[in-house]
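Below you'll find the structure, written out as structure tokens, and then a few comments.
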Amino acid sequence: MNPFEHAMLQLNKAADLIKLDYNFIRLLEKPDRTIQLKVPVKMDNGSIKVFDGYRVQYDNTLGPYKGGLRYYQSVDLDEVKALAFWMTIKTAVVDIPMGGGKGGIKVNPKELSFGELERMTRSFARALAPFIGSNVDVPAPDVYTNGEIMAWIVDENTKVKGEEDLGVVTGKPIEKGGSKGRDRATAMGGFYLLQELIEKVFNQDVKTLRVAIQGFGNAGSVMADLLTELGLKIVAVSDSKGGVYSTEGLNLAELKKVKAEKGSVTEMNDVQKISNEELLEVDVDILVPAALENQITEENAANIKARVIVELANGPTNPGADEILNKMGVYVLPDVLANAGGVTVSYFEWQQNQENDYWSEEVVLSRLREKMLAAFEDVWGKSQEYGVSLRTAAFVSALKRITQRIDLSQL
Ligand code: NAD
């Protein structure tokens with residue numbers, strides 16, 4: 001099943017539950033616009049390479065399209081469409097006035113030099129410029145993109161349009177109009193929710209809880225820090241090269257040093273090496289997928305030991321696996337809620353750019369916490385009311401918010 005089919009199954013499940021007018025489903029089954037872009041780049045050896053770029057503007061009922069740009073070799077239209085749809089649901093779940101979009105380039109950025117990465121980004125930004133803007137569509141970082149890349153996009157967008165539009169992207173470096181707290185926001189949002197869920201699910205001291213984290217990038221590594229500070233034990237982590245495991249708990253400072261110096265957590269000494277597949281099945285209380293889609297499937301779901309899964313990644317659990325986990329009584333904090341801290345602080349950044357008034361990190365995090373907890377309460381309440389998973393409840397909440405704003409009689 002491709003990721004878009006996966007996303008549509010989730011949509012239909014929630015829509016059936018609340019007997020949503022079929023016309024709304026028809027509307028939400030297609031994106032408003034899909035944009036395919038040619039991204040020509042002069043490589044260091046003087047040759048020209050042409051990459052495929054995408055931007056999907058899924059739905060702007062609640063506000064400008066909003067969602068990240070990823071640089072990854074598997075990027076294609078179905079993946080970007082699914083991610084853009086999930087953004088539409090996500091912004092609605094956390095109740096921010098933004099719609100859903102996503103984009104990216106099919107590329108392995110690790111094969112590019114720094115200069116090639118910059119030229120590719122600037123070429124992409126020029127191609128994107130007619131379609132983005134702070135009141136139209138606002139991209140942000142995602143897998144293998146970062147603040148520096150966002151700053152290049154602002155710069156190129158300014159050159160094309162002849163005026164600076166700082167809010168054209170979010171996730172910018174702080175000195176270039178970014179928000180304090182944005183770099184930690186995704187994990188922070190998931191962390192606030194997890195604290196709530198721990199209270200409801202585990203009747204034990206948090207210091208006895210063990211955690212495995214798949215993906216040690218922006219989202220996964222910050223979550224590892226936050227959970228360690230709270231006293232939980234991180235026993236397994238992984239990155240694209242594989243994973244490491246220690247029943248005693250991993251030394252995070254050491255792990256970060258090894259990752260920074262040698263490029264992968266698998267270079268760590270005196271720990272057991274495990275594969276990414278094995279990481280999902282280790283004996284832990286909490287599992288945090290923080291890498292890519294489609295990691296928990298019908299094949300491995302029944303082997304998962306964790307009682308709580310926090311989906312910092314987008315789409316890590318496929319629908320078949322979701323059913324299995326639900327029957328097993330596993331609590332899945334779904335991606336559209338668990339990782340919504342990123343887009344929430346992106347929205348705060350956009351707001352600060354619009355008002356040219358910048359908030360302290362304390363203010364950002366306290367507003368983030370407020371948003372995340374309100375969304376959690378709403379979703380938890382709906383899951384109890386309808387007797388469904390947190391994922392279906394989150395979709396119900398989002399669909400209600402979006403469809404209330406659509407006037408079918410005007411179509
Ligand atoms: P990142 O590029 O900082 O990190 C990605 C991590 O995943 C890296 O450690 C990488 O080595 C690892 N990885 C790549 N391929 C892998 C594989 N096949 N198996 C295991 N690990 C693999 O990206 P990120 O920003 O941390 O994003 C991670 C996930 O979180 C993505 O699904 C992204 O869409 C989602 N997300 C991120 C944000 C954000 O603000 N950063 C917001 C919402 C959702």
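Quick notes
- When the chain is reduced to its Cα atoms, the Kirkwood hydrodynamic radius in Å: 21.5
- Of the trypsin sites (Lys or Arg not before Pro) in region 360-410, the ones in a loop by DSSP (not H, G, I, E or B) with at most 11 other beta carbons within 10 Å are Arg405.
- Choice from Asp16, Asp76, Asp239 with maximal GNM fluctuation in the chain (Cα, 10 Å cutoff): Asp16
- Sites Val136 and Lys176 - FRET efficiency at Förster radius 22 Å, r taken between beta-carbons, to 0.05: 0.60
- For the chain, the solvent-accessible area of protein heavy atoms averages 41 Å² per residue (probe radius 1.4 Å; ligands and nucleic acids excluded).
- Protection-proxy order for peptides 128-139, 41-52, each taking the mean of Cβ atoms within 10 Å per residue, highest first: 128-139, 41-52
- Largest GNM mean-square fluctuation across Ser383, Ser113, Ser275, computed for the chain with C-alpha springs under 10 Å, falls on Ser113.
- Atom-type composition of the exposed protein surface of region 184-338 places 43 percent of the accessible area on carbon and sulfur (1.4 angstrom probe).
- Ordering of 302-308, 288-294 by packing is 288-294, 302-308, highest average first (other Cβ atoms within 10 Å, averaged per residue).
- Qualifying GluC sites (Glu not before Pro) in region 150-185, where qualification requires a DSSP coil assignment and no more than 16 other C-beta atoms within 10 Å, comprise Glu163, Glu164.
- Lys327/Glu111 FRET efficiency (R0 35 Å; Cβ-Cβ; nearest 0.05): 0.25
- Distance between modelled label sites at Arg33 and Lys19, nm, 7 Å Cα→Cβ extension: 3.8
- For Glu196 and Ser240, the difference between the fully extended length at 0.36 nm per residue and the C-alpha to C-alpha distance is 12.8 nm.
The values are calculated or read from the model by the stated rules, or taken from the named source; none is laboratory data. Values in this document were obtained by computation on a predicted structure and should not be read as measured data. Reconstructed Cβ throughout: ideal geometry from the backbone, glycine too, with neighbour counts over all protein chains shown. The protein model used for the area step is the full one, side chains on, heavy atoms only, and it has no ligands, DNA or RNA in it. Shrake-Rupley method; radii C 1.70, N 1.55, O 1.52, S 1.80 Å.
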